[in-house]
1. If you take the C-alpha gyration tensor of the stretch B:48-114, multiply each eigenvalue by 5 and take the square root, what semi-axes do you get, largest first, in whole Å?
2. If you average the alpha carbon positions of the stretch B:4-26 and of the stretch A:1-32, how far apart do those two centres end up, in angstrom?
3. What is the P(r) of chain A, as percent of Cα-Cα pairs per 5 Å bin from 0?
4. From the residues B:G40, A:H74, B:Y57, which one has its Cα farthest along the dipole of the protein assembly as shown in the positive direction, the dipole being from +1 and -1 charges on Cβ of Lys/Arg and Asp/Glu about the Cα centre?
5. List the relative contact order of chain A as a percent without decimals, with contacts defined as Cα pairs under 8 Å and 6+ residues apart.
6. Post the alpha-carbon centroid distance, the stretch B:53-73 to the stretch A:55-96, in whole angstrom.
7. For a test of the definition: using alpha carbon positions, the gyration tensor, and the 1.5 limit on a/c, classify chain B as rounded, prolate or oblate.
8. Could you pull out the pairs from A:K60/B:K65; A:K77/A:K100; A:K52/A:K77; A:K100/B:K65; A:K100/B:K7 whose alpha carbons sit more than 29 Å apart here?
Amino acid sequence: GNSVTQMEGPVTLSEEAFLTINCTYTATGYPSLFWYVQYPGEGLQLLLKATKADDKGSNKGFEATYRKETTSFHLEKGSVQVSDSAVYFCALSPSSNDYKLSFGAGTTVTVRA
Amino acid sequence: SAVISQKPSRDICQRGTSLTIQCQVDSQVTMMFWYRQQPGQSLTLIATANQGSEATYESGFVIDKFPISRPNLTFSTLTVSNMSPEDSSIYLCSVDNGRNTEAFFGQGTRLTVV
């Protein structure tokens, strides 16, 4: 079946530091890949997504590239802010029109001023 | 975007009782999904609810424990039956936006069973 393995946290960084959260997946066919974010006290929000190999998703300074050869979708941001403190979830869906999502364990990121 | 309202936002329940969680969407959607997030763990899909048909349950989840209703295209309920402390979790409703671009999530229902 489909599964997502995500770097476990928690991760604590200083402002303006570089952030990477590793995510690898196991899936058949052509899954779509997502990063969701959960800010303190808020619901899950889509951060970015990619629907095919070599696609790069980007939003709010975050980027992730769909690497089929390494089955990875690592999240990166070059300079984090305190407001980026949140829990980040990597997820996949079996295809671009199927939103039954498989989630990774989640990574708690804390950015200190 | 879809706006999802879940009720209740939290509850503390006695073991052996049942709780029904409501999910209301501000637009018509074909598919609605129910997830569980146990303490310190990730989200796990419980079932998919389509209007006019029985819900489809994932491995490890059964209708007797988690009955689901989907009376129309904007509303669904999930019942957690005969609760035990192991059912203490956050339960989330999710919908796709019908344009195959994004899934939206409710704020979740934080359930504590004592």
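1. The three semi-axes for the stretch B:48-114 are 23, 15, 10 Å.
2. 30
3. Pair shares across the bins are 2, 13, 24, 26, 18, 10, 5, 1, 0.
4. Comparing the listed Cα positions along the dipole, B:Y57 ranks first.
5. Values: 308 pairs, mean separation 41.9, N = 113.
Contact order relative to length: 37 percent.
6. 31
7. Judged from the Cα gyration tensor, chain B comes out prolate (a/c at least 1.5, a/b above b/c).
8. Values: A:K60/B:K65 40 Å; A:K77/A:K100 27 Å; A:K52/A:K77 21 Å; A:K100/B:K65 20 Å; A:K100/B:K7 22 Å.
Beyond 29 Å: A:K60/B:K65.
Taken together, the values in this text are just the output of simple stated rules run on the coordinates, not laboratory data. Remember, predicted model here, so these are calculated numbers, not experimental data. For neighbour counting, all protein chains shown are included, and Cβ atoms are generated from backbone atoms with ideal geometry for every residue, glycine included.
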